[in-house]
Amino acid sequence: MKSLIWMGPLTLSVLVGCGGGGGGSSSSSAPVTPAAASTTAETPSSTSPEPAAVAAEAEIETEASAVTVIETEIETSAQEEISDENENEIEVVAATEQTESTEAVDITNLQVEPDFNFTNEQSVQVQVAYPIASQSSYYLNLCSEWKDQAQTQLNYGSCMWRGFMGSEQLSMAMNVPAHQQQIIAELWEIQNGSYTVMRQSYDISSSTISFNF
């Protein structure tokens, strides 16, 4: 029993020695050259946008889309309002036509003046007088409306007669609208490149109107 116990350590030492020898024999193999480390560096792409630029572009596109949506809504609302107004006008016209067609007018007690001829015009005799000088020229406007409330300018679009006045007396018959209330005479005296403007107005209260400048 003692010999077996003593031989145990020896056997272990021999095994350890063999293991060491095995390690020595493996060192005689050909050396392995390690692969050279790669020195290639990745170059960042020059075309890649910066994050801030990408964010700004996205924000601009978002705002443009919002503006487009708002403009579309405004146009749609305007078209709807126009459509509603047209419908309302059609309804009003239809209601008016219906009312007019259903209302009856009693003309039993209707009285008409003997000289009323159912015309929308009235005849007026206009007379203009001015002492004409031989060295001057005279231009006359006969109109119905002022251009301003201060009555300093004529509305030449309302003129019924325009032309030169070649004598001291001018008389003409004019047919004017029945609703017209006044006639305005504007006389221009032109001499040596300078001019003088005179104006008079009269209500149409009779069939003859006389302007004396």
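None of the figures in this text is laboratory data; all of them are computed from the coordinates on show. Worth saying up front: this structure is predicted, and the values here are computed from it rather than measured. For neighbour counting, all protein chains shown are included, and Cβ atoms are generated from backbone atoms with ideal geometry for every residue, glycine included.
May I ask you to order 194-202, 135-143 by the average number of other C-beta atoms within 10 Å around their residues, highest value first?
Top of the packing list down: 135-143, 194-202.
For the stretch 157-213, the list of GluC sites (Glu not before Pro) that fall in a loop by DSSP and count at most 14 other C-beta atoms within 10 angstrom reads E168.
What FRET efficiency, computed as 1/(1 + (r/R0)^6) with R0 = 45 Å and r the Cβ-Cβ distance, is obtained for V112 and S171, rounded to the nearest 0.05?
On the way: r = 32 Å, r/R0 = 0.70.
Efficiency for this residue pair is about 0.90.
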